[in-house]
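Beneath this line is the structure, given in structure tokens, with notes to follow.
What follows is calculated from the coordinates using simple rules that are stated; it is not laboratory data. Quantities reported herein were computed from a predicted structural model and do not represent experimental measurements. Every residue, glycine among them, receives a Cβ derived from its backbone with ideal geometry; neighbour counts consider all protein chains shown.
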Ligand SMILES: Cc1cc2nc3c(=O)[nH]c(=O)nc-3n(C[C@H](O)[C@H](O)[C@H](O)COP(=O)(O)OP(=O)(O)OC[C@H]3O[C@@H](n4cnc5c(N)ncnc54)[C@H](O)[C@@H]3O)c2cc1C
Ligand code: FES
């Protein structure tokens, strides 16, 4: 784990409050695995010493990218960071997704939950024998379907979208196209694994489908964090073994280990 002072290389506004933040972080980028996260100290909040956690969207060539949405004090302050500024960033943190997949990889994301799935898809695509990958992206409207142009550059990723208002893809929840594909795979007796990141109700639905199908399910949980390194217990998630810290035992958990309220 590194705590690096990283120069901001890009800070790209992609609309609807979302931005890509790219920093130079050679050691971190080399060590990062999909599903791990970074803990960013936001300069104007320096006095509080509290950092903000973000999944890694990509890590290569000495650069680490996150995709974030401004929702509160920290992320709005992060918006003000300019190219050339320096940020203190800790990472890689937490446990990520597995490095391989048996059968078809079903990636399910909502909102900024697509971020770790992009990194995962790139790594799976680079395997000697890449799995077939299907990305299911859900959002309230078309504007919430993020990074589709970036996923389009990864060979072998088939993309299915769903929006609540029907402005893109299937009208309804992301589980609508997911269930269609699950039915097809089950009928064919084809193996698959589920990988998910997004809002809790979506994660609960995906975890349940993994359990029902007795298929591996890898669920990335988003919990409020303070220390990011296991000391404060602010980020606990209920599991079949009691409470686990998302920043240490997670953020990626096996579906069968999670207990949703
Ligand atoms: C492992 C992990 C990975 C994450 N990856 C990303 C990412 O890739 N992109 C991204 O935009 N955000 C991500 N987040 C969420 C991000 O850390 C929060 O949005 C951020 O901490 C909010 O800080 P703030 O000061 O702007 O908001 P605050 O002022 O602290 O809160 C503003 C609002 O956001 C809500 N909120 C704050 N933190 C979270 C949270 N963790 N989950 C849900 N709601 C929250 C609060 O309840 C409040 O309503 C991730 C969180 C975790 C734990
Ligand atoms: S954030 Fe402190 S233990 Fe996880």
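Against the longest principal axis of the chain, how steep is helix 175-188, in degrees 0 to 90 to the nearest 10, with axes from Cα atoms?
The angle comes out near 50 degrees.
What does DSSP give for the chain in terms of the percent of beta bridges that are antiparallel, rounded to the nearest 5?
60 percent
In nanometres, what is the gap between the two model label sites at residue 127 and residue 71, each 7 Å from Cα along Cα-to-Cβ?
In this crude spin-label approximation the distance works out to 3.0 nm.
Ratio of segment 77-145's C-alpha Rg to 2.2 N^0.38 Å, to two decimals?
Details: Rg = 15.6 Å, N = 69, 2.2 N^0.38 = 11.0 Å.
Segment 77-145 yields a ratio of 1.42.
Pulled fully out, how much extra length does the chain show between residue 248 and residue 211, if you take 0.36 nm times their separation in residues and subtract their Cα-Cα distance?
So the chain would gain 11.0 nm between residue 248 and residue 211.
Restricting to DSSP H runs of at least four residues, report the calculated mean residue ellipticity at 222 nm for the chain, -39500 (n - 2.57) per run over all residues, nearest 500 deg cm²/dmol. Don't jump to the answer; show the numbers that get you there.
Values: 6 runs with 56 residues, N = 261.
Theoretical 222 nm ellipticity from helices: -6000 deg cm²/dmol.
Rounded to the nearest 5, what is the percent of antiparallel bridges among the DSSP beta bridges in segment 104-257?
Beta bridges within segment 104-257, antiparallel portion: roughly 20 percent.
Hey, what angle do you get for helix 114-125 against the long axis of the chain, alpha-carbon based, 0 to 90 degrees rounded to 10?
Orientation of helix 114-125: about 70 degrees from the principal axis.
Hey, in the GNM for the chain with a 10 angstrom Cα cutoff, which one of 71, 206, 159 fluctuates hardest?
Most flexible of the set in this elastic network: 71.
Need one word for segment 120-191: rounded, prolate or oblate. Basis is the Cα gyration tensor (sqrt eigenvalues a ≥ b ≥ c); a/c below 1.5 gives rounded, then a/b vs b/c decides. Working shown, then result.
Numbers: a/c = 3.40, a/b = 1.25, b/c = 2.72.
Judged from the Cα gyration tensor, segment 120-191 comes out oblate (a/c at least 1.5, b/c at or above a/b).
Answer rounded, prolate or oblate for segment 202-246, using the Cα gyration tensor with square roots of eigenvalues a ≥ b ≥ c: rounded when a/c is under 1.5, else prolate when a/b is larger than b/c, else oblate.
Verdict is prolate for segment 202-246.
Taking the chain as the reference, fit the longest principal axis to its C-alpha atoms, fit the long axis of helix 200-213 to the helix C-alpha atoms, and give the angle between the two in degrees, 0 to 90, nearest 10.
Taking the Cα atoms of the chain, the angle to 200-213 is about 40 degrees.
With a cut-off of 8 Å between alpha carbons and a minimum separation of six or more residues, what is the relative contact order of segment 2-93 in percent?
41 percent
In a Gaussian network model over the chain where Cα atoms closer than 10 Å are linked, find which of 40, 176, 114 has the largest mean-square fluctuation.
176
Could you tell me which of rounded, prolate or oblate describes the chain, using a ≥ b ≥ c as the square roots of the eigenvalues of the alpha-carbon gyration tensor, with rounded for a/c under 1.5 and, failing that, prolate when a/b is larger than b/c and oblate otherwise? The partial results should precede the final answer.
Values: a/c = 1.62, a/b = 1.42, b/c = 1.14.
Note, shape of the chain comes out prolate.
Based only on other Cβ atoms within 10 Å, what is the fewest-to-most ordering of 132, 102?
Placing the least packed residue first, the sequence is 102, 132.
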